[in-house]
Amino acid sequence: MKFILNADDFGISEDTVEKTIKLFKEGHLTSATIILSMPGTQKAIEYALKNPNFSFGLHLNFHSDTFEKPILNKKLIPSLTNQEGFFNKGRVFRNKLFTGKINLDEIKIEALAQVSYLKDFGINISHFDSHGHLHKYPQISNKLSDIRSEVGIRKMRIVQNIYLDKFIRKVRRPSFWLQSYYGNVIRKKFKTTKYFFNNLNYEDFSWPEKICSMRKADTIEIGTHPGINERWRVNESINITKLSNLINASKLHSKINWEMI
């Protein structure tokens, strides 16, 4: 199996950038997706410009966990922002999306602004994914396909389609049941990997062996969220290092980046 080891949230904080760069230097990552308007964004961009041997995508953002802001003025994207000009919280965004209260043209123009911001620095954007995996929803992936040719970005992360949870935990996740539908919508418009795995249990240190035991002759992206200051990010850093070492020791697996699919 060919593995893309991708660090999400590249730029979200100084410590995530520091740890992500360290993992790149140690050979444990092949790709990262840059998030904009955050404390570590500029340092992430600078690293990407100096290291074109890796692939760097855009971690599109349309919602807020803390203080994430759009590129555009709030007056241009009122359905995506609150009174202070920050993105709405994730739950608010999803509720508005599912009730038809998100203006999807605002998704389009904010995505264009984010792409332009990164390209203006000279970044060759390899692919799209998104903060909170919001691009998996067909309303959003279809709208992003409208700009595919305009921006020259034709690759996108597939929805998670490998779950290692116990059955009772898997069936509680809506995406577990909708993965084929979501995935087919993306595949019709974008080139992607066959599989995507993002560990959902941050106390589980056994998943790297389980993933490496798979005998599928195809591509898989592993999403990870490195960091130093938050325990869950520390655990993710440990696990991606472990997986990378297992791939190195295997004759059945290899590492690639998004430019290679």
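Derivation of every value follows stated rules applied to the coordinates shown; laboratory data play no part. This one's a predicted model, so the numbers in the text were calculated from it and none came from an experiment. A quick note on method: Cβ atoms are made from the backbone with ideal geometry, for glycine too, and the neighbour counts reach across all protein chains shown.
For the reader, a short list of remarks on this structure follows.
- Qualifying lysines (Cα of each under 21 Å from Cα of K43; at least 8 residues distant if same chain): K19, K22, K25, K69, K119
- Gained length - K89 relative to S145, 0.36 nm times residue gap less alpha-carbon distance: 17.7 nm
- Sites matching GluC sites (Glu not before Pro) across the range 67-139 that sit in DSSP coil, with at most 14 neighbouring C-beta atoms within 10 Å: E84
- Inter-label distance for N124 and L164, nm, one decimal - labels placed 7 Å from Cα along Cα-to-Cβ: 3.2 nm
- FRET efficiency, 1/(1 + (r/R0)^6) with R0 30 Å, evaluated for R173 and N103 via beta carbons: 0.60
- All-pairs Cα distance distribution in the range 1-152, expressed in whole percent, bin size 10 Å: 11, 42, 34, 12, 1
- P(r) tail fraction, the chain - alpha-carbon pairs more than 30 Å apart, %: 23 percent
- Contour minus Cα-Cα distance for R231 and M214 (0.36 nm per residue): 3.3 nm
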